[in-house]
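Data first, discussion second: the structure below is written as structure tokens.
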Amino acid sequence: MSTMSCSSSLSLPGTRTVSPPRRPAAPFVSQQQLISRRRRSSVITSAVSTDEKPAPPKEKPASVVGDMERGTLAEDSGRSDGQLTSRWREIHGSNNWEGLLDPIDTVLRGELIRYGEFAQACYDSFDYDRFSRYCGTCRYPPKTFFADVGLAGVGYEVTRYLYATSHVHLPNFSIAKHNPLDDRMWSETATFIGFVSVSSDAETARIGRRDIAVAWRGTVTKLEWVEDVSAFLEPIGQYGIPCEDPRVKVEAGFADLYTGKDPSCKYCKYSAREQVLAEVRKLVELYAGKGEEVSVTVTGHSLGSALAMLSAFDVAETGANVSPSADVKAPVCVYSFSGPRVGNTWFGERFEKELGIKALRILNVHDMVPKVPGIFTEAIYPMWLLRLADMLGLPSVYSHIGVLLALDHEVSPFLKKTFDLASYHNLEAHLHLLDGYNGRGREFKLGGRDPALVNKAADFLQDDHMVPPGWRQDLNKGMVRTEDGKWTLPHRPRDVEEHPDDTDLHLAQLGLLTTEVANVAT
């Protein structure tokens, strides 16, 4: 799935829109001030029709975190008031977010936006330029990743980039290079697909635990995988994930991408699966071994959501979230944005009930991506019938996992009416909707996140806000003028050229490599 064009504008039956009297705009900053002056109203009903009267809004002063304008959201999310320190398990899904979604808990909303920005950062940092010798890489070094991508002050540090290989079930996943014979190309098969990060000491104190965050991006072209991905279900155990129940099945294309590797490529000599498991295991052992509370939070958008579900399952199934030295198991949670179905009913059963993973799915009700794949699905049939279909071995039996938070782009007065399905799917549009969502039948009012971000790689904002579509791009598309007056794409230093030396060691500890191999590596 691509963030390069995604979000919504169809209508749900029975949805009502109310236009309240005009009133003063909330006090935004910079470009937000311009947008606030131009908008007609910031209050309409939410995604689901109801007779409940809208609650009166509360006006609060704006604030800024890094260079992402969040306004009142920064205060309400617990960034300053300290609520998250004591409530992190609840926000992390310990009680399946009961009572936190309608009306939405402001601390939870702030966290959802924060993790959504992690997934968005995977898109914003990706080198899409097929003329670049670094096409398919992350454009920024790990040490300055969050600052470079516009999330300075977020309180996390990237510890490892994740790479994946192309696969026949996902054609066009890897961008075609302009000259395959050019040996300056960094890789013909590998693509940057996400990262593992960990909270800093200061952020750990604020959020109440040491958080290991894994973020995955979606496909790099418009919804291409919806047409091309294999929708065949296969037992998850055949991909090396240690689940002995052959009834637990997942979509083959997602699993192939997650577990595929290319021994001839130094970036993908380990699969994305091996990369994430080794890093999570290392960090859990490091911080739990020090006596700290640790959590594992996985997020992703579109195809990245499917990878988030798979990797969270794998982390728990493999025991990468367990510290043997401290005898501690870190809780695992998934914040999924606009994700497709991943597996069958048995996959969901083991994911939620046996492994105890928590998952919150955020989607736009008009987006088509969360409605695929599957012929027999929970959207049409009751769970008992799906389970029977699974037992009978019927094909294409899929079921969503987790708790649903449904949003509707039509409630936002900032977004235009369009039939662009890619806009319905756009991740920045989802974050915009989260920022203004307060609950069923309650008014839509932004908490401070700049609506201009919606148009970073889309054309979804109403034109009277005067924000050009697809505005996020490098000056001169990255071309620079050399001393002799010629224009060229410059070389850039790369800090990450090889996988960490201790990868084999941690994989061996998880039983994924022989001890002899790990001893050779160390």
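Structure notes:
- Couplings 3J(HN,Hα) of the stretch 197-214, computed from phi: 9, 9, 5, 6, 4, 5, 5, 4, 5, 6, 8, x, 6, 7, 9, 9, 10, 10 Hz, in residue order, whole Hz [Karplus 6.51 cos²θ - 1.76 cosθ + 1.60, θ = phi - 60°; x for Gly and Pro].
- Amide H to amide H, with H built 1.01 Å from N, residue 295 comes under 5 Å of 210, 211, 212, counting only residues 5 or more places away or on other chains.
- Largest accessible area first, the listed residues 247, 449 line up as 247, 449 when surface is computed with a 1.4 Å probe on the assembled protein chains.
- The protection proxy used here, the mean number of other Cβ atoms lying within 10 Å of each residue, ranks peptides 430-442, 317-329 as follows, highest first: 430-442, 317-329.
- Accessible heavy-atom area order of 111, 352, 98, highest first, probe of 1.4 Å: 98, 352, 111
- FRET efficiency, 1/(1 + (r/R0)^6) with R0 41 Å, evaluated for residue 130 and residue 157 via beta carbons: 0.85
- Inter-site label distance for residue 86 and residue 379 at 7 Å from Cα along Cβ, in nm: 4.2 nm
- Hydrodynamic radius (Kirkwood) for the stretch 373-522, which is based on Cα pairs only, to one decimal in Å: 21.4 Å
- Residue 476 versus residue 326: modelled label distance in nm, points set 7 Å from Cα along the beta carbon direction: 5.0 nm
- Kirkwood hydrodynamic radius of the stretch 227-359, from inverse mean 1/r over distinct Cα pairs, in Å: 15.2 Å
- Once the Cα-Cα distance is subtracted from the 0.36 nm per residue extended length, the residue 394 to residue 200 segment shows a gain of 65.0 nm.
- Along the stretch 269-275 the Karplus relation, 6.51 cos²θ - 1.76 cosθ + 1.60 evaluated at θ = phi - 60°, assigns HN-Hα couplings of 5, 9, 6, 4, 4, 5, 4 Hz to successive residues, with x for each Gly and Pro.
- Column: log10 I(q)/I(0), Debye, Cα scatterers of the stretch 378-437, q = 0.15, 0.18, 0.19, 0.29 Å⁻¹: -0.65, -0.75, -0.77, -1.22
The values are calculated or read from the model by the stated rules, or taken from the named source; none is laboratory data. Computed from a predicted structure; not experimentally measured. Because the Cβ atoms are built from the backbone with ideal geometry, glycine has one as well, and the counts that use them run over all protein chains shown. Heads up: the accessible areas ignore ligands, DNA and RNA and are worked out on the full protein's heavy atoms, side chains in. Shrake-Rupley method; radii C 1.70, N 1.55, O 1.52, S 1.80 Å.
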